[in-house]
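Values in this text are rule-based calculations from the coordinates and carry no lab data. Quick caveat, the model's predicted, so the values are computed rather than measured. Note that we place each Cβ from the backbone using ideal geometry, even for glycine, and neighbour counts take in every protein chain shown.
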Amino acid sequence: MADQVTVTIDEQKVSVGAGSLVIEAAKALGISIPSFCYYPGLSLQGACRMCLVEVEKVPKLQTACTLVAQEGMVVRTQTRQVVEARKSMVEFLLTNHPLDCPVCDKGGECELQDMTVRYGLASSRFVEEKIHIPEQKFSPLVYFDAPRCILCFRCVRVCDEAMDVKALGVGERGAYSVILPNQGERLDCEECGMCIDICPVGALTSGTYRYKTRPWELRYVGTICTHCGDGCKTTLGVRADSIVRANNRDRSGVNGEFLCAKGRFGFDFTESKARLRQPLIRRDGRLQPASWEEAFEWVAARLKGIRKEYGREAIGVAGSSRNTNEECYLLQRYARQVLGTPHIDHVRSADYGGLVAGVSQSAGASFARCADFAEARTLLLIGNDPTQQHPLLAYNLRQAVRRMGARLFILGFQEIKLKRQARQMVVIPEGEMDQAIGHLLRGKSSLPRDVATQLDDLKTQLAAAPEMAVAFGSEVTGESIYDLVAFATAGGRMAKIAALGDYVNSRGASDMGALPEFLPGYVRTNEPGMTLREMFRSRGKIRALHVVGSDPAKELRLPAGWRNAFELVVVQDLFLTATAQDADAVFPAASLYEKDGTVTNTYGEVQPVRRAIHHASVRTDFDIIRILAQLMGGELKLRSPESAWEEIRVTVPGYGVSTEGVLVGQACKTTPKISDSGRRIAANGVFSANDTLFTSGTLGEYCEIIQSLPEAQVSK
Amino acid sequence: MMQLSEKLETKFAELLRRYPRKRSALIPMLLFAQDETGQISDELIAEIAKRLDLRELEVAETLSYYSMLRRKPCGKYHFQVCTNISCMLRGGNEIFERAKKRLGIGHRQTTADGLFSLEEVECIGACSGAPAMQVNYDYYENLSTTRVEEILDKLRAGKDPKPTKITSGTLRPQRHPSEVPVISRRFGLPNSASIDTYLQNDGYKGLEKALKQMTPEQVIEEVKRSALRGRGGAGFSAGMKWSFVPKDTKKPKYVIANADESEPGTCKDRPLMEMDPHQLIEGIVIAGVAVGAHQGYIYIRGEYRYVMNILDRAVEEAYDHGYLGKNLMGTGFDFDLWTHTGAGAYECGEESALMESLEGKRGYPRIRPPFPAVVGLYGCPTVINNVETLSSVPAIIRQGGEWYASLGTPKNGGTRMFVLSGHVNKPGVYELPMGFPLRRLIEEVGGGCWKGRKVKAVIPGGSSTPVLTASQLDTPLDFDSVAKAGSMLGSGAVVVMDEETCMVEVARRIMQFYAHESCGWCIPCREGTAWLKKMLDRFHGGLGRREDIPLIGELSRNMLGRTFCPFGDAAAMPTISIVEKFRGEFEAHLNGRCPFVARELAAANR
């Protein structure tokens, strides 16, 4: 069979790959054939009949979405017959469809409205009674207005095929057919909201957006979701400086139109009543409001005092996994150059240093991009539960298996939902992941025999793969990463590798050197500082702690009274966290949705974040650090995130990517390197928060929309 | 774990053995469970879901597609009164009205004492005995309002109302001289369904010949030579269909007998199965020999329960005698056969929707190509033919395709079963040569139009076919001639309407059927049939507007040729023919009254 076929559509010739559908061939020519039920990536239906076209020598009209282009085929999409057919389909559809436009949320972005304007009749001939079913609330987030449903089944297919949740079905028959949720009248699902955005009409709508506004009244800001390390792009819809909704219908970014519950609905924390709105200083044993000037001066004075009395190295800095690259970069410059301390770290959820070292020292290994997990034919997942922790990765793995026939292999301490897509999953005894990887590499280990046999089996199945994409979670650190890289690239195999860190800029925090042993770009420091845990066990060596955007008291499970080891604790955060509650000074900080800059996802791709809303009462961490630096006597000469970015681009190894690329929202691949081997990080320095679809560290606690979900209650 | 009766547990275990995929047992399991428990409860859904490794949602969405499966209990005696075309023409509506009045309940309601429930149903396959109804699975044919009352009284008194035991109009003291009994030749023999009778009357000789004296290719050639065309409705060459099955494939192959007979006006597969089940079995196995299939299913509509029981007994007999199972007649050829029950869905008679249903899913048709011969049941090559088509095969193999072809007309070989119903004196099922003139069927075989009236219109091949007028009665009844006359031979269901018939009511009732049965997959059929049904309801109810008349035709034409499967055409074509050929009657209704007052339809309660 030839690789390419040439077809003629509306008198224009086009050459497409063999097996292409006529509707896709037409798209290549810029000819848009209307369709409801056809949706790229989902199974074919040919049900809505909107895409009927004329094919020469064929008596009946054919659906372009199921017709495979054949060499020499002649198709016409604008003949009178086709135009009449489309008109009649729209007319049929509008018979039971209610005239809800005035009250329907979809108005203005409704595909049926578009089709009617483009292809339909100007008036209705239907005078009979419409079938009416009252609206239903499938979940707090998913409302269903059955009369509006055009039964295209996109929702059923996306939930089944793309999400593998299968929470929607079709009941009854004929014109009484109706979409059914899986728990009686309710949905018990992952609440990702994919069904809402894929619905071409206003049948499935968002419960949080219902009746609030019109799509043309919103200001749209494209930015990166503030939650997990996948780095999905999200478009925030803003009205009167308030985020009203989030989706990614324009399919830009690394995630196409995928977003999980957090990406779609986890934005309301920005308006939580618990947001810190003014600086706080501890006076008379209590945190009390202060002005910015007061707070800055007070903190600067105290820090200077401690530095004078105990030396520069008496100050420790804790960075954030959710700040921008510019903020992380600035923070480590502040720590190292202004404060003069080597003690800077952050709560680490992935051994990125190990990943960079491993990849740098192997010719066959390279960094995996997010998209690689949707395209590779052989996939290896070690640890992590992507369905919960990295939903985009889970989505990509599912698509690779479903659409590319990829083989997925999993190692983990317990069975996960992705097992359903896996060729093989081996359950490893708790804590023995390094043994498992060692076994894959060397063929022996101290693992029980049945596990060892399964690993041997897995190894055999992987043997013939010429290339592989590998993702590993916090279960794999240090030496184990070297073993993993060696195994993945054995026998000349090309391996693309990714480490899975919890949050939106866990990777960026590491890349930007918020680490005691690395400067930005994994350049080794001459004298490594203390790790975060060491700072809390310093026995008096660290006297002051400056915490930015993290909550070590909670995340490191510090004992009550941890605070007494320090004379000064300064915190910058959105909320009064456990750490902040015991601090001496607290600065109210802006969230990721309230600032400009860049973030790097766990796959090493840099993407821009853009400020969507503005709260006058908070300041970005960038500004707070910059001002403090100035007051501490160190002018950093970086006035804005843009200037910080330019410095990063030029000075940080691996970050020499195109600014233009970043500005237009391309996910630009960074290429850090470590060419030497040195002291390895202690393995217990890395741990994951093990978030779920409904939790997201501190931010997640204040996402009321998500916290109110029945599924979130259950998973607590 | 829900407790089920031992009988049901045994049935479930046995059902699961029939299929390579568990889900196929879903609909039979649901129906058998419902027979015992009265309705399908949430608990039962959860239980069956667990046993079949399905989600509860999958069970719920599947069962809700099928008319016979219910979530609420009905009466001990569930009255299912047919009001579709053949029954309507002979008083079905009056039967339903009388039942309503006597029971004091309406459609889909149950009496307070829980004894009776009532449902207006679509064609139950008793057209030659119209008007007819079912009580649970029992048939009651040739009803009168008096008879209905009698049945009610008997049931209430715990006495036997004596249901109809075999399809009406199939056994007569004497066959009509024009009949050519090829596949109906054993009708009327004592114990005609038993294998002993079958073996005494050339039984399984065709299979023997096919296995021992012919190659598979020769079998296909013989069937091609016979010019046997599909008797279900489409009229596609059976031999050619079989030849599409790929010769080399590692996949298992299947033969399916389509016994979903639901085309209004049609009840000819029912007598074939109840009176000569082994003929069908033999035909299925010969098809298996021809294409290299070793497994077969008879997909039989849920309402034909007693017929399925007869088939099951025959299948058992065939296994006992070595005509099914392993190493048939010592030739090394294996063949397994099972029945499979539907649960009330006309669209499941469409070959690809049938396979979806057999796989345990909602009866949606599939994208074609690929066709069943290449990608069929479970994605494997499948021969699927109508019961009558397969029943014709043994005689073809025994006596030769040329002989069979010669009985009919060129390219339209053999004989076929015709169901004559409606306004004739002798409704019944008759086997006549292909090409037999319609006029002779009505006047000679059928005893002419009843009550001394004249014929106004005739449906030649089931409600999906355009009507013919009185001026077209000289049409020979074969596929090509009827096509030339602007209609279709279809299922061979000839429904005669006299001059007192309101054609608007006929159009309305036919569209009600299609709106009820539309699977809902594609826009034009789902919305088009619903719209037209409401429009025709309103029109015959007296509120028709002048602009409705051309609109009926236009909407039907908007469905024609644009739907996902031929169901849309089946709804559109007869409607177009009626509104074109009887426009005057539509106009006569514009004054708000039906000119045929004696047939005033109660348009309410739809």
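Laid out as a table, the results:
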| quantity | calculated |
| --- | --- |
| Which of A:Thr602, B:Thr331, A:Thr620 has the fewest Cβ neighbours within 10 Å, and the rest in rising order | B:Thr331, A:Thr620, A:Thr602 |
| HN-Hα J in Hz across region B:408-415 - Karplus 6.51, -1.76, 1.60, θ = phi - 60°, x for Gly and Pro | x, 10, x, 6, 9, x, x, 10 |
| Kirkwood Rh, Cα atoms: Rg over Rh of chain A | 1.01 |
| Inter-chain Cβ neighbour average for residues A:164-173, partner chain, 10 Å | 6 |
| GluC sites (Glu not before Pro) within region A:607-675, DSSP loop, no more than 14 other Cβ atoms inside 10 Å | A:Glu635 |
| Förster radius 60 Å - calculated FRET efficiency between A:Trp216 and B:Lys250 (Cβ-Cβ, nearest 0.05) | 0.55 |
| Partner chain coverage, peptide B:512-520 - average Cβ within 10 angstrom | 3 |
| Ratio of the Cα radius of gyration of region A:150-226 to 2.2 N^0.38 Å, where N counts its residues | 1.25 |
| Estimated [θ] at 222 nm from DSSP helical runs (n ≥ 4, -39500 (n - 2.57)) normalised by residues in the protein assembly as shown, nearest 500 | -9500 deg cm²/dmol |
| Charge tally in the Cβ shell below 11 Å around B:Ile85, where Lys, Arg are +1 and Asp, Glu are -1, B:Ile85 excluded | 0 |
| Charge sum, other residues only, whose C-beta stays under 15 Å from B:Leu328's C-beta, Lys/Arg counted +1 and Asp/Glu -1 | -2 |
| Contact order relative to length of region B:229-373, as percent, for alpha carbon pairs under 8 angstrom and 6 or more apart | 23 |
| Cβ-Cβ FRET estimate between B:Thr10 and A:Glu271, R0 fixed at 41 Å, reported to 0.05 | 0.05 |
| Estimated vicinal HN-Hα couplings, Hz - region A:396-401 in sequence order (Karplus 6.51, -1.76, 1.60; Gly, Pro = x) | 5, 4, 4, 5, 4, 5 |
| In nm, spacing of pseudo-spin labels at A:Ser675 and A:His615 (7 Å Cα→C-beta vector) | 4.6 |
| For the protein assembly as shown, diffusion coefficient by Stokes-Einstein and Kirkwood Rh (Cα), 10 °C, 1.306 mPa s, µm²/s | 45 |
| Exposure proxy order (Cβ contacts within 10 Å, fewest to most) of B:Ile27, A:Ile416 | A:Ile416, B:Ile27 |
| Relative contact order %, chain A, counting alpha carbon pairs below 8 Å whose residues are six or more apart | 14 |
| Around A:Ala26: net Lys/Arg minus Asp/Glu count, Cβ-Cβ under 13 Å | -1 |
| Distant-in-sequence amide H partners of A:Gly169 (H built 1.01 Å from N, under 5 Å) | A:Leu180 |
| Percentage, to the nearest whole number, of Cα pairs in region A:125-271 over 25 Å apart | 31 |
| At R0 = 56 Å, FRET efficiency that the Cβ-Cβ distance of A:Glu467 and B:Met329 yields, to 0.05 | 0.50 |
| Peptide B:52-64, shielding by other chains (average Cβ, 10 Å cutoff) | 4 |
| Whole-number percent relative contact order across region A:125-271, with pairs defined as alpha carbons under 8 Å at least 6 apart | 19 |
| Table column - 3J(HN,Hα) (Hz), region A:141-150, Karplus curve with 6.51, -1.76, 1.60, x for Gly and Pro | 9, 10, 9, 10, 9, 4, x, 7, 5, 9 |
| Using alpha-carbon coordinates, inclination of helix A:479-488 to the longest axis of chain A, degrees | 30 |
| Residues B:Ile367, A:Ile497, sorted so that the one with the fewest Cβ neighbours within 10 Å comes first | B:Ile367, A:Ile497 |
| Semi-axis lengths, Å, region A:352-500, gyration tensor of Cα atoms, sqrt of 5 times eigenvalues | 20, 18, 15 |
| Computed label-point distance, nm, for sites A:Val127 and A:Cys101 using a 7 Å Cα→Cβ extension | 2.2 |
| Lys, Arg +1 and Asp, Glu -1 on Cβ, resulting dipole of the protein assembly as shown about Cα centre, debye, nearest 20 | 600 |
| Paired Rg and Dmax values of chain B, which use every Cα atom, in angstrom | 23.2, 74 |
| Fully extended contour minus Cα-Cα distance, from B:Gln109 to B:Arg368, at 0.36 nm per residue | 89.2 nm |
| Label-reachable residues, region A:410-424, where backbone N falls under 19 Å from a point 7 Å from A:Glu430's Cα toward its Cβ | A:411-417 |
| Cα-projected label distance for A:Gln361 with B:Asp42, points at 7 Å along beta-carbon direction, nm | 6.0 |
| Å³ per residue enclosed by the Cα convex hull of region A:4-93 | 87 |
| Centroid-to-centroid separation of region B:87-149 and region B:488-537 [C-alpha atoms, Å] | 21 |
| For B:Gly296, distant residues with modelled amide H under 5 Å away | B:Val255, B:Asp336, B:Leu337, B:Trp338 |
| Extension gain from A:Gln630 to A:Thr659, taking 0.36 nm per residue of separation minus the Cα-Cα distance | 7.7 nm |
| Cα centroid separation, region A:537-578 to region A:587-613 (Å) | 24 |
